[in-house]
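Remarks on the structure that follows.
The values are calculated or read from the model by the stated rules, or taken from the named source; none is laboratory data. All figures in this text were calculated on a predicted structure; none of them were measured in a lab. Cβ placement follows ideal geometry from the backbone for every residue including glycine, while neighbour counts extend to all protein chains displayed. Only protein heavy atoms, including side chains, enter the accessible area calculation; ligands, DNA and RNA are left aside. Shrake-Rupley method; radii C 1.70, N 1.55, O 1.52, S 1.80 Å.
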Amino acid sequence: MTISRRDVLIASAAAAAASLAARMALAELPKLAKKDTYKVGFAQTESNNPWRIAQTNSMQGEAEKRGWQLVYTDAAGSAAKQVADVNSMIAQGVELIFLAPREEKPLIPAIMAAKAAGIPVILLDRNVDQTLATAGEDYVCFIGSDFVEEGRRIAEWMVANANGKSKIIQLEGTTGSSPANDRKKGFDDFIAGNGAFTLLASQTGDFNRDKGRQVAETLLQAHPDADIIYAHNDEMAIGAISALEAAGKKPGTDVMVLSIDGGREIVQLIIDGKVNAVCECNPRFGPKAFDTAVAYANGEAIPAKIINPDNFYTIENAAAELPNAY
Ligand code: GYE
């Protein structure tokens, strides 16, 4: 068979059209076919605390209830592993990926790889850098708490209940993660310009109990006059309580302890008088996450952000709410 110049022209025109179509498809969010069940992925970021375990249980329980196949990975606190986990889910042919991105920037390539492979992504609990990826275009939506609001609620309670306490140590979450950025912003913005309070130090404890303890220990040595500790999660708050007790101080009395997450352990610590106030961060994602995937398959308009409701715990309601805490 001979190939004419005309054949070559037709073939190259077809190839150009195909590559244009592929590029146009890239500009659009991948669709999800309407089906009864799906094979979906859940790329968890780490499993080193009760909040993560509650979230994973909620996702696995919902998948089981609906008879969906769930490919589960745990990045063990490494953004690089989480990118690899998403790539492996793509290779395994999942139809949708639920992603809890460890940090705002490093997970962008994973979102783009899923998009290029035609797999829609729903972000769970942590968001990504909004200048680098867009809801409705690169990923379907974000489902999670309003972290700025969580930090603001803690600051508001503190200002109303400080009783003369005023010198604050802040233990930040994982550097570069959206809850750490936003919980700091909500809190700092609320006290900015309020001359009664001083932020003595603000340092990361990586959302981790032992790192929280170590950082609190160092900061308490540098600032022995601190009388308020605000931790971005329960784990670091519990670590800080150990540091306070080791320094001979009474958490909850000598030093006000404030936290976010609201697991059963910290709610009990409110009852015990060692913690003063906790803004819950709701880890019960399963029903909403799966409902959102179905709504997306049905062609419904999905909002860019779906916000989970958060409880708030103090001595006023801790005993009554203990059974409801995760
Ligand atoms: O507060 C923390 C967890 O991203 C909202 O991450 C989540 C946070 C949560 O490891 O305990």
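Filtered by the rule that a residue be in contact with a Lys or Arg (Cβ under 9 Å, 6 or more places away or on another chain) and of a type in the set (A, V, I, L, M), the stretch 221-236 gives 226, 228, 236.
Here 130, 92 are screened, and the one residue that is free of Cβ contacts under 8 Å to residues at least 12 places away in the same chain, more than 19 Å from residue 285 (Cα to Cα) and not hydroxyl-bearing (Ser, Thr, Tyr) is 130.
Only one residue in 206, 272, 254 is under 22 Å from the mean Cα position of the chain (by Cα), open to solvent by 10 Å² or more (accessible area, probe 1.4 Å) and either over 24 Å from residue 323 (Cα atoms) or more than 16 Å from the ligand (Cβ to nearest atom) (or both). Which one?
Values: 272 fails: under 22 Å from the mean Cα position of the chain (by Cα); 254 fails: under 22 Å from the mean Cα position of the chain (by Cα).
Criteria check complete, one pass: 206.
In the set (1) in contact with a helix residue (DSSP H, G or I) (Cβ under 8 Å, 6 or more places away or on another chain); (2) surrounded by fewer than 17 Cβ atoms within 10 Å (Cβ to Cβ); (3) of a type in the set (Ser, Thr, Tyr); (4) in a loop (DSSP other than H, G, I, E, B), the condition left unmet by residue 174 is number (2). With in contact (Cβ under 8 Å) with a residue 12 or more places away in the chain, in the same structural domain as residue 301 (by TED's automatic domain parsing) and surrounded by 22 or more Cβ atoms within 10 Å (Cβ to Cβ) as the only criterion, which of 43, 79 stands out? Sole residue among the options that is in contact (Cβ under 8 Å) with a residue 12 or more places away in the chain, in the same structural domain as residue 301 (by TED's automatic domain parsing) and surrounded by 22 or more Cβ atoms within 10 Å (Cβ to Cβ): 43. Taken over the stretch 293-311, the criterion of being open to solvent by 70 Å² or more (accessible area, probe 1.4 Å) and assigned to a loop (DSSP other than H, G, I, E, B) is satisfied by 298, 300, 301, 303, 309. Say whether the condition of being more than 19 Å from the chain's Cα centre (by Cα) and either surrounded by 17 or more Cβ atoms within 10 Å (Cβ to Cβ) or not charged (D, E, K, R) (or both) is met by at least one residue in the stretch 283-291. No, the stretch 283-291 contains no residue that is more than 19 Å from the chain's Cα centre (by Cα) and either surrounded by 17 or more Cβ atoms within 10 Å (Cβ to Cβ) or not charged (D, E, K, R) (or both).
Here residue 152 fulfils each of the conditions (1) in contact (Cβ under 8 Å) with a residue 40 or more places away in the chain; (2) under 22 Å from the mean Cα position of the chain (by Cα); (3) farther than 29 Å from residue 42 by Cα apart from (1).
For the stretch 139-155, the set of residues classified as away from the ligand (no atom under 13 Å from the Cβ) and in a strand (DSSP E or B) consists of 139, 141, listed by residue number.
So for the stretch 173-183 (the condition being within 16 Å of the ligand (Cβ to nearest atom) and over 29 Å from residue 129 (Cα atoms)), does at least one residue qualify? If you could, list the steps in order and put the result at the bottom.
We begin by selecting, within the stretch 173-183, every residue within 16 Å of the ligand (Cβ to nearest atom); these are 173-183.
Okay, now just the ones that are also over 29 Å from residue 129 (Cα atoms), so none.
No, the stretch 173-183 has no match at all.
In summary, strands (runs of 3 or more DSSP E) completely within the stretch 62-132 and bearing 2 or more residues that are within 14 Å of the ligand (Cβ to nearest atom) occur at 96-99, 121-124.
If the condition is being buried (at least 18 other Cβ atoms within 10 Å of the Cβ) and either within 14 Å of residue 177 (Cα to Cα) or touching a Gly at 6+ places or on another chain (Cβ under 6 Å) (or both), then the stretch 124-141 contributes 124, 125, 126, 127, 128. Residue-level check: of (1) of a type outside the set (Ser, Thr, Tyr); (2) in contact with a Phe, Trp or Tyr (Cβ under 7 Å, 6 or more places away or on another chain); (3) within 18 Å of residue 97 (Cα to Cα); (4) outside any loop (DSSP other than H, G, I, E, B), residue 278 misses just (3).
Would you check if residue 287 is more than 18 Å from residue 237 (Cβ to Cβ) and not β-branched (Val, Ile, Thr)? Taking the combined requirement at face value, the residue satisfies it.
Inspect the stretch 192-203 for any residue being surrounded by 20 or more Cβ atoms within 10 Å (Cβ to Cβ), in the same structural domain as residue 238 (by TED's automatic domain parsing) and at pLDDT 95 or above and give the result as yes or no. Among the residues of the stretch 192-203, not one is surrounded by 20 or more Cβ atoms within 10 Å (Cβ to Cβ), in the same structural domain as residue 238 (by TED's automatic domain parsing) and at pLDDT 95 or above, which makes the answer no.
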